[in-house]
Every structure is written in structure tokens, then in C-alpha cells.
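The block underneath contains the structure these notes are about, expressed in C-alpha cells.
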2 protein chains.
Amino acid sequence: MKRLGILISGRGSNMMALADAVRERRIPQAEIALVVSNAATAAGIERARGRSIPAVVLDHRGKTREEHDRAVAAELERCGVDLVCLAGYMRLLSPWFIRRYEHRVVNIHPSLLPAFPGLDAQKQAFDYGVKFTGCTVHLVDEELDHGPIVKQAVVAVEPDDSVETLSARILREEHKLYPQAVALLLSGRYRIEGRRVVEM
Amino acid sequence: MKRLGILISGRGSNMMALADAVRERRIPQAEIALVVSNAATAAGIERARGRSIPAVVLDHRGKTREEHDRAVAAELERCGVDLVCLAGYMRLLSPWFIRRYEHRVVNIHPSLLPAFPGLDAQKQAFDYGVKFTGCTVHLVDEELDHGPIVKQAVVAVEPDDSVETLSARILREEHKLYPQAVALLLSGRYRIEGRRVVEM
């Protein structure tokens, strides 16, 4: 049984997608060991508890980035977490955390990286006028939205789209893609060549 | 009848794709008025003449960028060209040319822009480890591989791909996409909002 830890800051919609996938065995032989939010107000905390998933708030305020990350890591290790999934976690991780969990932290981003890193990726893509955007699950390294890509999904921009309709379609793809990527990572059926993640 | 001018520097495979599309009326009511190469060695010159398409070499050496572009524009205007298509044209255009042909110069690039501008876009994408890349037809502005996007096509990167197999698949998509984009531009059935090209 592999144990997932999920870090959130908000509503945790991708957390719930992962929880659904675990329950339905689309992520086989896994359980969600812990949800951590850095924000006491995160709606995802109550949603996790509603599923009987252990969930804690660790407030980052008043601590250095590494101090906070050490507190998070202590919780993750107490729960025996194998893979850390970021799900709308609005904080950069410290180099200490990245090194401690090398190739064991994964993130989802609402664009086809390397296009449109950073905030408001859907609006960035819309305003740029791309005909296709999507979402990316990637391993986390020390650069923002940069590590090796595990999986991507493509979403077409339609002539009558707004940022809102486009964002909603991307989010639906995120909820499908993230469980697939986590299942791949837990299966071990991939190799990393340079920064290419190649399925085996 | 709309008149296309095509600028090349090499074999002109996208030029031939445009010529095929004109012949087969996939680009309706158009003809290729002129092919210009800046390189006397461009294989595309002979291929154009083999199709009875007027083709001239205008050597850029010994001239400033704008001097060369003025010579090119003189040829294009002599032939009454409405739309200028870059097809493997390995030179940056001068601001003078860009302004003179604003929204009337189009380029094709072998990636999903804005990802991987510049040279060797297919290899850039492969080495980055993206799961999807493709090609982009865009209007040309003063920044490299930057203007408003007319059309894009997606190409999946397969686990057993090499840069060569991936590049070949992208090129096949380019040969389909470029005629579609030129047909759209000539039809006038689009509007430009900011930098979004929206089909009507």
C-alpha cells in the first residue's frame, strides 16, 4: 500500500479527484495518508475530513520557508507518506524540502508547460491566443512549474470560449489527468532520461 | 484571385505543400505569384520552377537587412502579392518590411508557440520532455516567432520517438496546417482581438 500526502491551500478540487480515484481503485493499492493545508480557511480541509481523510492545518505565518517545510515534512513522515501531491498549494517549496523529497513531489499546472508558468495560466493562454492549451503534471524541482513532465492533456480553445469556460474545461481534464499521473508514478513503470519521463 | 508570395531559404517543403493546396483548390481562388529565395543554393527554387512557379534568387549578402527587404518587397509588389508566406525562410525581417506588410506576413513554426521559439524547436521540445508538441501558423511581428496565432496543430510525443521521428510527424502536420491557415487568412473570415485570431 502506497501512501499519498496532499498539500492544499484552497478548495482542494484536485485533492478530491485524487480521493475519488483512490476509492475507485483508478489509483490502485494506495491510500491518502494525510492532507496538509497552510491556510486554516482552506475549504479542502473540511472536505477531506468529510471523507475521513486525516487533515491538518500548519500555518506558515511567522516561520521561514524552510521552518514551515520542516514542520510539513515531520507530519508527512509521521504518516509514512511515499508521494507528495501538490493540489492548489500556493507556496513555493524550499530547496531543503525539494532535496528531501527528490522525485517524490508532484504538481499539476493548468497549461501545457513550459508555456504559461506561474499564476493565471488559463488567462495567460487565452490572452496569448493559443489554439490549444491544457494541463501538466510534473515532478517538482527548484524552479517554478519546471520539473520533468509526467503527463499532459490537451484542451482546444474554441472561438466562443471565455477565460471562464476554458478554465472549466481545463479543470475537468486536470481531474482526470492527475490520478493517471499518480498511478503511473506509484507503479514505477517509467524511467527518467535527462528531464524526459518515459513510460515503460 | 489572391496572389501569394513565398519566401524560402532551403528545400521549400512547405512551399510545395502550399503549391499542392493551391492546385487542388484547398486554398481557393489563389495562385502563387512568386517564390523568392535569399540563397542561390535553395533546392526549393528548382522545385518551384518545375511547377512553372516564378522563382527568383535575391542574395542578401553585402546588404543591410532593410536594403535586402526593400529588394524583396519590390519583387513582391511587381507581382502584386497579397499575402507573404515564410516557408523555412532563415532570415529575420526588418521593421520596415513588417510595417509595410502588417498582418500580411505569415510564418509556420514547428512547435506549439509560445513554447520553443527559435531554432531546433522539435529538439527543444523533445529534450524538455513534453508529451505534446506540434506546429503553429502565426502572423509575423517584430519579435521572433511571436505574432498572433492563426492555427495550431497538436502532435503527441510517443515513448519510442526520436527527435527524427517526431520531427517527421510534425512536418506532416505542417503540410496540412499551413494551407488551412492561408485559406482562412485569404477568406477574411476572422477577426483579430488583441492578439487573438478568432474565426468567424
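The values are calculated or read from the model by the stated rules, or taken from the named source; none is laboratory data. Just so we're clear, the structure is a prediction, and the values are computed from it rather than from any experiment. Because the Cβ atoms are built from the backbone with ideal geometry, glycine has one as well, and the counts that use them run over all protein chains shown. Just so you know, the surface numbers come from the protein's heavy atoms only, side chains and all, with ligands and any DNA or RNA stripped out. Shrake-Rupley method; radii C 1.70, N 1.55, O 1.52, S 1.80 Å.
Scanning the range B:41-97 for residues that are in contact with a Leu (Cβ under 7 Å, 6 or more places away or on another chain) and either aromatic (Phe, Trp, Tyr) or not assigned by TED's automatic domain parsing to the domain that holds B:Ser9 (or both) turns up just one, B:Tyr89. Under 6 Å between Cβ atoms, at least 6 apart or on separate chains: pull out the pairs that start in the range B:144-170 with a residue that is more than 28 Å from B:Val198 (Cβ to Cβ) and end on any residue that is of a type in the set (Asp, Glu). Correct list of pairs: B:Pro159/A:Glu199. Give me a count of the residues in the range A:67-80 that are open to solvent by 70 Å² or more (accessible area, probe 1.4 Å) and not basic (Lys, Arg). Of the residues in that region, 2 qualify. Within the range A:128-149, the set of residues being over 24 Å from A:Arg65 (Cα atoms) and in contact with a helix residue (DSSP H, G or I) (Cβ under 8 Å, 6 or more places away or on another chain) comprises A:Thr133, A:Gly134, A:Cys135, A:Ile149. Scanning the range A:29-66 for residues that are open to solvent by less than 60 Å² (accessible area, probe 1.4 Å) and within 14 Å of A:Asn14 (Cα to Cα) returns A:Ile32, A:Val35, A:Val36, A:Ser37, A:Ala42, A:Ala43, A:Gly44, A:Ile45, A:Ala48.
Grab the helices (runs of 4 or more DSSP H) fully contained in the range B:81-187, keeping just those with 1 or more residues being touching a Phe, Trp or Tyr at 6+ places or on another chain (Cβ under 8 Å), within 14 Å of chain A (Cβ to nearest Cβ) and surrounded by fewer than 22 Cβ atoms within 10 Å (Cβ to Cβ).
On the way: elements: B:95-100, B:121-128, B:163-187.
Of the helices (runs of 4 or more DSSP H) lying wholly inside the range B:81-187, those with at least 1 residues that are touching a Phe, Trp or Tyr at 6+ places or on another chain (Cβ under 8 Å), within 14 Å of chain A (Cβ to nearest Cβ) and surrounded by fewer than 22 Cβ atoms within 10 Å (Cβ to Cβ) span B:121-128, B:163-187.
For B:Arg25, the conditions (1) surrounded by fewer than 15 Cβ atoms within 10 Å (Cβ to Cβ); (2) touching a residue at least 24 places away in the same chain (Cβ under 8 Å); (3) over 26 Å from B:Leu92 (Cα atoms) are fulfilled apart from (2).
State whether one or more residues within the range A:19-32 are within 23 Å of A:Ser167 (Cα to Cα), in a helix (DSSP H, G or I) and under 13 Å from the mean Cα position of the chain (by Cα).
The initial filter retains those residues of the range A:19-32 that are within 23 Å of A:Ser167 (Cα to Cα), namely A:19-21.
Cutting the leftovers down to in a helix (DSSP H, G or I) gives us A:19-21.
Filter again for under 13 Å from the mean Cα position of the chain (by Cα), leaving A:19.
Yes, the range A:19-32 contains a residue that is within 23 Å of A:Ser167 (Cα to Cα), in a helix (DSSP H, G or I) and under 13 Å from the mean Cα position of the chain (by Cα).
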